[in-house]
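What follows is calculated from the coordinates using simple rules that are stated; it is not laboratory data. On a predicted model such as this, the values are computed, not experimentally measured, just so you know. Glycine also receives a Cβ, built like all others from the backbone with ideal geometry; neighbour counts cover every protein chain displayed.
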Amino acid sequence: MEIEGDSLDALLVELYGKLNNGANRNVGTRGETLEQLGVILRLAKPRARLSRSEDRGKPFSALGEFLWYLSGSNSLDFIESYVPMYRKEAEPDGTVHGAYGPRLLNMRAGINQFSSVIELLRERSGSRRAVIQIFNAEDIATHHKEVPCTTTLQFFVRNDHLSMAVTMRSNDAYKGLPHDVFCFTMIQEMVARALGVCLGEYIHFVGSMHLYESDLAKAAHYLKEGHQRVVEMPPMPLGDQFPVVPLLVEFEEKLRNGEIVDANVTFDSDYWADIARLLQVFWLSGKPERIDEVMEKISNKHYTVFAENRKGVPERQTLGRV
């Protein structure tokens, strides 16, 4: 199966329909699924990475997972607030064995794989070796609650555009796929900016694409919402964006601790200040007036709908004052 589209919604609409009507039944680790083997998704506009659907628009948990990856952390404490289901995948010591962060930034106790592929493509832009490995042989040689679903990320510079191909052994089409597309296309754009090239196509290969039977009704509800128009996130600022990561991590920690912070003070660009404000909205869930204060300063008004949806959500628990 191969599906092409200009947006995440375009891919999801066609994928859910095909899984519901033509997939095979299989029993997975977490229950019965409708499964299709060997699925390829091609996203022509990687910045259209956020669903415009009320049901599938999940920018806050996706941002939390994205930041977790780039922080290099494997701690349950970091990600649990954004994606509570990770609690089931944590080891007794409070770490998540399958966490991507240490594998991306500290593989084999020292290799920053982002730096490696960027350096390689700067030297030889046409290389086919720009591969980041996430899944390891050790993952199935030893027992763990969860191992990575993603096996590799591969980057290609062609005609001054950076395309990216992600290969996954397994993909939950309902819960996991929207997060994966968001996180990986953000990484794709960051690498493109570091290389000084344009953003190309995003390609998503999946060995087992599946929809859990427990999510069939939710997927059907999403399809009834209708096809959403294509809305892209704005382009990232020019230049290497990886130095902004420590600022985002520090900003998020202050939010988690209940500190009052101003994104304009920390970030020079509207792009990353808006990302920081979305994180603020998440940690201000259930506080409509304070969410409105944050959103008055936001540059990209397309984010407003996501903020509105957080006003009625129960307040987040912080480690300090609110």
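Of note:
- Full extension of the chain between Arg128 and Asn112 yields a length gain of 3.9 nm, computed as 0.36 nm times the residue separation minus the alpha carbon distance.
- Its Cα centre serving as origin, the chain has a Cβ charge dipole (Lys and Arg +1, Asp and Glu -1) of approximately 360 debye.
- Cα gyration tensor shape for segment 93-151, rounded if a/c is under 1.5, else prolate or oblate: prolate
- Close amide-amide hydrogen proximity is noted between Leu162 and Cys198, Leu199, Gly200, each under 5 Å apart and 5 or more residues distant or on a separate chain (H modeled in the peptide plane; Pro and chain starts excluded).
- Label-to-label distance for Leu238 and Lys254 is 2.9 nm, based on points extended 7 Å past Cα in the beta-carbon direction.
- Mean ellipticity per residue at 222 nm, deg cm²/dmol - from DSSP H runs of n ≥ 4 across the chain, formula -39500 (n - 2.57): -11500 deg cm²/dmol
- The alpha carbon gyration tensor of segment 44-147 gives principal lengths a ≥ b ≥ c with a/c of 1.5 or higher and a/b no greater than b/c, which makes the shape oblate.
- Placing one equal scatterer on every Cα of segment 242-310 and applying the Debye formula, the log10 ratio I(q)/I(0) at q = 0.18, 0.19, 0.20 Å⁻¹ is -0.61, -0.68, -0.76.
- Average Cα contact separation per residue, segment 1-154, under 8 Å, 6 or more apart, as relative contact order %: 16
- Length released on extending from Ile40 to Glu138, taking residue separation times 0.36 nm less the Cα-Cα span: 32.6 nm
- Dipole size of segment 1-117 about its Cα centre, with +1 on Lys/Arg Cβ and -1 on Asp/Glu Cβ: approximately 220 debye, rounded to the nearest 20.
- Once the Kirkwood radius over Cα pairs is known for segment 46-94, the Stokes-Einstein relation at 4 °C and 1.567 mPa s delivers a diffusion coefficient of 108 µm²/s.
- When the charge dipole of the chain is built from unit charges on Cβ atoms (+1 for Lys and Arg, -1 for Asp and Glu) and taken about the Cα centre, the candidate among Ile140, Trp283, Gly17 whose Cα reaches farthest toward its positive end is Gly17.
- Compared with the alpha-carbon gap, the fully stretched path from Thr266 to Asp160 is longer by 35.0 nm at 0.36 nm per residue.
- Taking the alpha carbon gyration tensor of segment 1-104, multiplying each eigenvalue by 5 and rooting it gives semi-axes of 28, 19, 13 Å, largest first.
- Spatially close lysines, pair count over the chain: Cα under 17 Å, gap of eight or more or interchain: 14
- Volume of the Cα convex hull of segment 182-289, divided per residue and given in Å³: 186
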